[in-house]
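The values are calculated or read from the model by the stated rules, or taken from the named source; none is laboratory data. Since the model is a prediction, treat every value here as computed from it, not as a measurement. In this analysis, Cβ positions are derived from the backbone assuming ideal geometry, glycine residues included, and neighbour counts consider all displayed protein chains. Keep in mind that these areas ignore ligands, DNA and RNA; they rest on the heavy atoms of the full protein, side chains included. Shrake-Rupley method; radii C 1.70, N 1.55, O 1.52, S 1.80 Å.
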Amino acid sequence: MRLVTLEDTRDIFIKFHQRGLPFLFSKLKIDSYQRTKSAFNEKEIETSNFWCIPEVRLRWNQLVTGDPNTTYEEYLSRNYFRDSAEVKVLALGSGVCSHELLLAELNPHWQIDCFDFSDKLLSTANDIAKDKNLHNISFYAENIMTYDFEPGKYDMVFFHASLHHFEHIFQFLKDVVIKSLKPTGHLVINEFVGKSRLQYSKEQIHYINKALEIIPKQYRKIYKTNLYKNHYYGSGVLRMIIADPSECVDSESIIPAIHKYFDIVDEKAVGNNLLQSVFKDIAHHFVGNEMPDSEKQKILQEIFQLEDEFLKSNLSDFVFGVYQLKENNID
């Protein structure tokens, strides 16, 4: 376990330039719930993350759906729950609800209830739903851990990049997810399931730095700074707890816990073991026309191949999965 690293010092400097002093001061709050909320309760956050790169999204689509031009939301809608007259969906930690809104558009027979503690993000989502004239999606600004969900109400519980923010995953699945599901209910995730608190192995950090070496220096300049991303040192636990106590708090328990209580219907490895850390804060160079397309494609393909090599002997950090509740799901 790494308590503090050089990556932490650099990240504080970067956050100051990208998000300002008020954001850093928000991390000094004693209440861990409020520190977590400050990480998400903004309508617009200018940043540069790996998921912004179009080719990365095409890669995800290919790995999940077999078609780079088909999203996982489209894949899920085409292959599951089509014959049901009504599908009640509970989306937890939904944020601005971009994925839930798309699912609501694709599936008029779904009724989606979105829960998140960020009232600002949900307000934005509600405005979008009104603009799209969607009547099958609702929004609730609540603390999920204390909210009293109706038992056995939902056909599906849905997580997109939010399940890894909940602690004590085995207990959380029993107390919240399973309790909310019908006896034959489903769980759907598109999630980070890697090491808790991003405590990567030495091998993974080594591969991340090999990938960084592929990128020419001018494309490693960090967003809104004069720094260059020349080396990745790994995250320290102390900074992660201060910045967002919920971040990857028990992420490595997600897959074992799901497999304990649910049967696998569909499970796909999405990777991102290297991409997430390699492109953090420098992804903007790979969006738009900053570099010649041929050079961009060459760099990305080399990094994708390096990640594929790493994944041959390591578990995927991100997983898309559809699971059905087991008959005897509670010990």
Could you list, in sequence order, all residues of the range 255-278 that are open to solvent by 40 Å² or more (accessible area, probe 1.4 Å), of a type outside the set (A, V, I, L, M, F, W, C) and either under 19 Å from residue 184 (Cβ atoms) or assigned to a loop (DSSP other than H, G, I, E, B) (or both)? 259, 260, 263, 267
Exactly one condition in (1) part of a helix (DSSP H, G or I); (2) free of Cβ contacts under 8 Å to residues at least 24 places away in the same chain; (3) open to solvent by 30 Å² or more (accessible area, probe 1.4 Å) is false for residue 209; which is it? (3)
Within the range 297-308, track down each residue that is free of Cβ contacts under 8 Å to residues at least 60 places away in the same chain and either more than 15 Å from residue 62 (Cβ to Cβ) or surrounded by 22 or more Cβ atoms within 10 Å (Cβ to Cβ) (or both). 298
For residues in the range 212-231 being aliphatic (A, V, I, L, M) and open to solvent by 20 Å² or more (accessible area, probe 1.4 Å), which is modelled with the highest pLDDT? 214
For the range 283-310, name all the residues that are small (Gly, Ala, Ser) and outside any helix (DSSP H, G or I). 288
Taking first residues from the range 128-147 that are under 20 Å from residue 88 (Cβ atoms) and open to solvent by 70 Å² or more (accessible area, probe 1.4 Å) and second residues anywhere that are assigned to a loop (DSSP other than H, G, I, E, B) and at pLDDT 95 or above, the pairs with Cβ under 8 Å that are 6 or more apart or on different chains are 140/147
On the given criteria, is residue 116 under 25 Å from residue 164 (Cα atoms) and among the charged types (D, E, K, R)? yes
Of 247, 327, 252, the only residue that is modelled with pLDDT of 95 or more and open to solvent by 20 Å² or more (accessible area, probe 1.4 Å) is 252
